[in-house]
Amino acid sequence: MAVDLIRFNGDWNNKKSEIIFSYPISSENFFRNIWTVAITESKLKLFKDWGNFTPNQINEVLDELCILIKWCDDNLTGNDHFRMYSRIEELMIVIPKEAPNSNEPFYIF
C-alpha cells in the first residue's frame, strides 16, 4: 500500500466520485515510520495523513513542506534522507502546478 496525494471530482465519500489527480507520497510503511514522526514533531496542521487542503491553502502547505525539509535535514541520513527529501522537493513542484486545475481539495491518504 501507499500514501498518496489525491483529488476527486466531488465528495470523496461519494462512490461515484472519480480520482482526477493522484501523486504518490510514500510507501505506507515509510510514511508511518518516518513521515508521521516528522509531521507530529513539526506540528503540521494541513500536510498530514488523512489531512486535506484547498487550493487556497497552497502557500501554507508549501510552508509546511519547508518545515519537513528542515526536519529531514536534522533527523535523517542516507537513503531515508534521500527518499523523503527528494519527494518533498517533488511535491513542492507538483502541488502548485496541479492546484489551478480544479477547485477540489487535495487529500492525503
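The values are calculated or read from the model by the stated rules, or taken from the named source; none is laboratory data. Keep in mind that what you see is a predicted model, and the values were worked out from it rather than measured. Every residue, glycine among them, receives a Cβ derived from its backbone with ideal geometry; neighbour counts consider all protein chains shown. Side chains are part of the model used for accessible areas, which takes the heavy atoms of the whole protein and leaves out ligands, DNA and RNA. Shrake-Rupley method; radii C 1.70, N 1.55, O 1.52, S 1.80 Å.
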What nm distance separates the two modelled labels at GLU89 and THR54, each placed 7 Å from Cα along Cα→Cβ? 3.3 nm
Just subtract the alpha-carbon distance of THR36 and ASN75 from 0.36 nm times their residue separation and send over the number in nm, one decimal. 12.7 nm
Size of the dipole of the chain about the Cα centre, Lys and Arg at +1 and Asp and Glu at -1 on the beta carbon, nothing else charged, in debye to 20? 220 debye
Could you work out what % of the accessible surface of the chain is carbon and sulfur, using a 1.4 angstrom probe and leaving DNA, RNA and ligands out of the count? 50 percent
If you work out log10 I(q)/I(0) by the Debye sum over Cα atoms at q = 0.13, 0.21 Å⁻¹ from the coordinates, which of (1) -0.58, -1.04; (2) -0.90, -1.11; (3) -0.45, -1.15 do you get? (3)
Does a label point 7 Å from the Cα of MET1, set along Cα-to-beta-carbon, have any residues of segment 31-45 with amide nitrogen under 16 Å, and which are they? 31-36
Rank these residues by their accessible area, most exposed first, probe 1.4 Å: SER17, SER27. SER27, SER17
Signed unit charges on C-beta, dipole axis of segment 1-104, positive-most listed residue TRP35, ILE67, THR54: THR54
Given contacts defined as C-alpha pairs under 8 Å and at least six residues apart, what's the relative contact order of the chain, whole-number percent? 36 percent
